[in-house]
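Only one structure is covered here, and it is reproduced in the block below.
The values are calculated or read from the model by the stated rules, or taken from the named source; none is laboratory data. This is a predicted model, so every value here is computed, not measured. Here the Cβ is made from the backbone with ideal geometry for all residues, glycine too, and neighbour counts use every protein chain on show.
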Ligand SMILES: NC(=O)c1ccc[n+]([C@@H]2O[C@H](COP(=O)([O-])OP(=O)(O)OC[C@H]3O[C@@H](n4cnc5c(N)ncnc54)[C@H](OP(=O)(O)O)[C@@H]3O)[C@@H](O)[C@H]2O)c1
């Protein structure tokens, strides 16, 4: 049987067509997708990550059609949110039960779909910085999907959050989410920071690294600028201290972290910040809006 899906067509962009029904492996459930997120990587790295004819999308929420054959995970009929590398922008997707979590009753599936890649990344990155009570944390690309989760979670962990955005218009809502200071220019940050959560890379990461306190840690989460960084390590050597920089990735098996985020959302302690929501027939519009930095937070496609 075929299902409807959006596929990556290098010549025509995103195209709705029929693809074969996914064939789940033993540890995977089959999901009827109701909502799927559109992440930066789904759009900017489509050629590298998803070849021609492949179905993009990593985050999807919906209803379990078939539970995993190995007996793991939730039964048929459960509402779940899932993560897998590709296949989310389709009426059905297969996903490992280790990367799935049950969505609380009453929670909008579009809200759940906004959580996996961006939310779990922010959760892990904030934890990686260690204890944050009373410490300063700089979040770059704070206006975007990962950034808005990182601001909220770092603030919730007790940090004084400095949120960096591309221009003042992109700052909307960040103070309400917990940022102590919002800047459109890192020259306005005059006190060192304990940690950097960097989503932008390029020259901005070099500027952010220069703001680290002596034992500070910078995590390179992403490179939305698509430019390599330009840190002057000779200057750093002369400055002394033990500042560190780590490329950051999230391991697989994120189901328990998804459950943590779902719980925070359900208790009103985390806002998924859906800045674009619409039919999957408008996936190209959503992709354009995301790449042109017009989405405050997450973009979510309604699938059906
Ligand atoms: N390491 C991991 O496991 C992991 C997981 C998820 C995402 N990522 C990466 O993290 C980065 C952020 O992801 P995201 O989902 O938050 O993306 P997003 O929602 O598109 O946000 C990216 C932010 O970066 C800023 N930016 C600066 N220069 C940009 C440029 N040239 N093009 C686009 N944005 C630019 C924008 O803020 P302003 O408009 O305010 O400047 C934008 O809000 C991406 O590089 C993504 O691939 C990594």
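For this structure, a couple of remarks:
- Any chance residue 285 is touching a residue at least 12 places away in the same chain (Cβ under 8 Å) and closer than 25 Å to residue 36 by Cβ: no
- Residue within region 265-279 that is at pLDDT below 95 and surrounded by fewer than 16 Cβ atoms within 10 Å (Cβ to Cβ) present: no
- Test result for residue 120, touching a helix residue (DSSP H, G or I) at 6+ places or on another chain (Cβ under 8 Å), over 25 Å from residue 210 (Cβ atoms) and more than 14 Å from the ligand (Cβ to nearest atom): no
- From 75, 22, 56, residue being modelled with pLDDT of 95 or more and in contact with a helix residue (DSSP H, G or I) (Cβ under 6 Å, 6 or more places away or on another chain): 56
- Restricting region 237-255 to residues that are touching a residue at least 12 places away in the same chain (Cβ under 8 Å), away from the ligand (no atom under 16 Å from the Cβ) and surrounded by fewer than 20 Cβ atoms within 10 Å (Cβ to Cβ), the residue that is farthest from the chain's Cα centre (by Cα): 240
- When the residues of region 147-167 are filtered to those that are out of contact with any strand residue (DSSP E or B) (no Cβ under 8 Å at 6 or more places or on another chain) and within 10 Å of the ligand (Cβ to nearest atom), the one that is nearest to residue 264 (Cα to Cα) is 149.
- Test for residue 193: is it within 23 Å of residue 168 (Cβ to Cβ), away from the ligand (no atom under 16 Å from the Cβ) and without any contact (Cβ under 8 Å) to a residue 60 or more places away in the chain: yes
- Qualifying residues in region 26-45 (those that are in contact with a strand residue (DSSP E or B) (Cβ under 6 Å, 6 or more places away or on another chain) and farther than 15 Å from residue 301 by Cβ) - the one farthest from the ligand (Cβ to nearest atom): 30
- Unique residue being surrounded by 20 or more Cβ atoms within 10 Å (Cβ to Cβ) and outside any loop (DSSP other than H, G, I, E, B) when the list is 283, 259: 283
Listed here are the residues, each with its yes/no results for (1) part of a helix (DSSP H, G or I); (2) in the same structural domain as residue 180 (by TED's automatic domain parsing); (3) surrounded by 23 or more Cβ atoms within 10 Å (Cβ to Cβ); (4) at positive phi.
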residue: 101; (1), (2), (3), (4): no, no, yes, no
residue: 104; (1), (2), (3), (4): no, no, no, no
residue: 126; (1), (2), (3), (4): yes, yes, yes, no
residue: 130; (1), (2), (3), (4): no, yes, no, yes
residue: 134; (1), (2), (3), (4): no, yes, no, yes
residue: 137; (1), (2), (3), (4): no, yes, yes, no
residue: 142; (1), (2), (3), (4): no, yes, yes, no
residue: 148; (1), (2), (3), (4): yes, yes, yes, no
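- Residue count for region 214-234, restricted to those that are out of contact with any helix residue (DSSP H, G or I) (no Cβ under 8 Å at 6 or more places or on another chain) and either touching a residue at least 60 places away in the same chain (Cβ under 8 Å) or in a helix (DSSP H, G or I) (or both): 2
- Restricting attention to region 67-95 and to residues that are surrounded by fewer than 16 Cβ atoms within 10 Å (Cβ to Cβ) and either touching a residue at least 40 places away in the same chain (Cβ under 8 Å) or not assigned by TED's automatic domain parsing to the domain that holds residue 279 (or both), the residue that is nearest to the ligand (Cβ to nearest atom) turns out to be 70.
- Residues that are away from the ligand (no atom under 11 Å from the Cβ) and over 23 Å from residue 169 (Cβ atoms) do occur in region 284-294, at least one of them.
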